[in-house]
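Below is one structure, written out as structure tokens; comments come after it.
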Amino acid sequence: EQEAGGAICNENASLSLTGCTLTANTTGTYGGGVCNFSGGALVISDCVLSNNTADLWGGALFNYVGASLTVSSGSSLTSNSANGNFGGGIFNYEGTATLSDSTLTSNSSNDIDGGIGAGVSSFLGTLDIDSSNISNNGGALVLAGGGIYTDDVSATITNTTIAGNEAQYGGGIYQDSN
């Protein structure tokens, strides 16, 4: 088990992943699949990230402070989990996250006090989602944002299907602004 980035940790570098599969990776902290931080630029294209687990945040992907993340071209994030509350599929904090032509399904954020953003959880950054499918994320332990949770985020969502997600508040989307 890795401390951050169960499969890959990208810090302050440019990394492109194409046609890859990242499955059943775990981390004791952030980014069960990939951790991207400190100005890192990560591009994921035509990849499958499934069954990855973070003990804290970002079951599949963790994008943090000044980092940029692009997930595109038929990529799929499926059945990933964040056991410490935020972002079963993607956790974005003070970074830029772009999702296009991709699928987030059956991701979970599990916490006894209530998970946040089972599909995507984004704080204090930018989130752009286009032509994607965000479905069947969340569950009974998700407090807010089964599909998408945003807090103080510039978010744009276009041509995207958001269906079958579950949370106590905002099954599809929960938008907060402090």
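The values are calculated or read from the model by the stated rules, or taken from the named source; none is laboratory data. Since this is a predicted model, take the numbers as computed values, not measurements. Virtual Cβ from ideal backbone geometry, glycine too; neighbours counted across all protein chains shown. Calculation scope for accessible area: heavy atoms of the full protein, side chains included, ligands and nucleic acids excluded. Shrake-Rupley method; radii C 1.70, N 1.55, O 1.52, S 1.80 Å.
Checked against (1) open to solvent by 50 Å² or more (accessible area, probe 1.4 Å); (2) part of a loop (DSSP other than H, G, I, E, B), TYR174 meets all criteria but (2). Taken together, GLY74, GLY28, GLY59 contain a single residue that is farther than 19 Å from ASN136 by Cβ and either crowded, with 24+ Cβ neighbours inside 10 Å or in contact with a strand residue (DSSP E or B) (Cβ under 9 Å, 6 or more places away or on another chain) (or both), which is GLY28.
Before we move on, is ASP101 under 17 Å from ASN63 (Cβ atoms), touching a strand residue (DSSP E or B) at 6+ places or on another chain (Cβ under 7 Å) and modelled with pLDDT of 95 or more?
Details: under 17 Å from ASN63 (Cβ atoms): no; touching a strand residue (DSSP E or B) at 6+ places or on another chain (Cβ under 7 Å): yes; modelled with pLDDT of 95 or more: yes.
No.
Of the residues making up region 117-142, those that are open to solvent by 20 Å² or more (accessible area, probe 1.4 Å) and either farther than 21 Å from SER38 by Cβ or touching a Leu at 6+ places or on another chain (Cβ under 7 Å) (or both) number 8. The residue pairs whose first member lies in region 16-43 and is assigned to a loop (DSSP other than H, G, I, E, B), whose second member is at pLDDT 95 or above and among the aromatic types (Phe, Trp, Tyr), and whose beta carbons are closer than 6 Å, counting only pairs six or more residues apart or on different chains, are GLY31/PHE62.
Scanning region 117-132 for residues that are within 19 Å of SER50 (Cα to Cα) and under 13 Å from the mean Cα position of the chain (by Cα) yields GLY117, ALA118, GLY119, VAL120, SER121. Restricting attention to region 82-93, the residues that are open to solvent by less than 20 Å² (accessible area, probe 1.4 Å) and either of a type in the set (S, T, N, Q) or assigned to a strand (DSSP E or B) (or both) add up to 4. With respect to being more than 20 Å from ALA7 (Cβ to Cβ), open to solvent by 10 Å² or more (accessible area, probe 1.4 Å), touching a residue at least 12 places away in the same chain (Cβ under 8 Å) and out of contact with any strand residue (DSSP E or B) (no Cβ under 8 Å at 6 or more places or on another chain), ILE112 fits the description. Residue pairs whose Cβ atoms lie under 7 Å apart, sitting 6 or more positions apart in sequence or on different chains, and linking a residue in region 68-85 that is touching a residue at least 12 places away in the same chain (Cβ under 8 Å) and on the phi > 0 side of the Ramachandran plot to a partner that is open to solvent by less than 50 Å² (accessible area, probe 1.4 Å) and of a type outside the set (Val, Ile, Thr), are SER73/SER45; GLY74/SER102; SER79/SER50; SER79/ASN107; ASN85/SER109; ASN85/ASP111; ASN85/GLY115.
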